[in-house]
Amino acid sequence: MVAVASRIRLEDRECPLSTTVEHVGEWWTLLILHDAFDGYTRFDQFQENLGISSSMLTTRLKTLVTDGLLERRPYQTNPVRHEYVLTELGHSLRPVIVTLAAWGNARLARHERSMILVDADSGEEVEPVVVDAKTGRRLDDSRAYVFTAGPAASGAMRNRYTRPRPAAGTPGA
């Protein structure tokens, strides 16, 4: 068996952003999850909707099951067939996917949008934003909200967040 090099740098192994990207940052993974949020559960449904090869879909689904985002369940016994159902952990990624889609739509003219998020009852388009649960304030201001070292941070991580930060809008900010 050939070892595959990780895309995460050694010093980033403790960074939650790096480890999250390791799990869900691959193109097909996000699209499979998007389909799962829309109710797709079966291999043939994912394959037909995405136009993905069987081998790539098999690999991605196995990874999503291993990572605990999907659960593989039999739905037929003769022959045995499985469906892939979102777990609680998988469901918790929906706001992230919704926000990514909204970010993409925000860069398009209204008539160029092929998919929009709407309120299921009213049909009105909604604008997802990420906010602090305690205050309701938007988190898109990088001066008001900054990362700092957490309790499990290594010395390198603590060093990163104790040195002066570049001013917003400058390279490295």
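The values are calculated or read from the model by the stated rules, or taken from the named source; none is laboratory data. For clarity, every value in this text was computed on a predicted model and none was experimentally measured. FYI the Cβ positions are ideal-geometry reconstructions off the backbone, even for glycines, and counts take in every protein chain you see. Accessible surface is based on the protein model in full, side chains and every heavy atom, while ligands, DNA and RNA are left aside. Shrake-Rupley method; radii C 1.70, N 1.55, O 1.52, S 1.80 Å.
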So which of ALA167, ALA133, ALA173 is farther than 20 Å from CYS15 by Cα, at pLDDT below 85 and not basic (Lys, Arg)?
ALA167
Could you list, ordered by first residue, the pairs with Cβ atoms under 8 Å in which the first is in the range 90-106 and open to solvent by less than 70 Å² (accessible area, probe 1.4 Å) and the second is among the aromatic types (Phe, Trp, Tyr) and at pLDDT 90 or above, at least 6 apart or interchain?
ILE97/PHE37
Considering only residues that are closer than 15 Å to ARG42 by Cα, in contact with a helix residue (DSSP H, G or I) (Cβ under 9 Å, 6 or more places away or on another chain), outside any helix (DSSP H, G or I) and open to solvent by 40 Å² or more (accessible area, probe 1.4 Å), which ones fall in the range 57-73?
GLU71, ARG72
Based on what the data block shows, is ASP44 under 16 Å from the mean Cα position of the chain (by Cα), over 24 Å from ASP140 (Cα atoms) and at pLDDT 90 or above?
no
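This table checks each residue for (1) assigned to a loop (DSSP other than H, G, I, E, B); (2) closer than 30 Å to GLU14 by Cβ; (3) at pLDDT below 90.
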| position | (1), (2), (3) |
| --- | --- |
| VAL98 | no, yes, no |
| LEU108 | yes, no, no |
| HIS111 | no, no, no |
| ASP121 | yes, no, no |
| ASP140 | yes, yes, yes |
| ARG143 | yes, yes, yes |
| ALA149 | yes, yes, yes |
| ALA153 | yes, yes, yes |
Does ASP67 meet the test of being among the charged types (D, E, K, R) and within 14 Å of the chain's Cα centre (by Cα)?
yes
Matching option when the condition is farther than 26 Å from GLU125 by Cα and touching a residue at least 40 places away in the same chain (Cβ under 8 Å), among GLU48, GLU83
GLU83
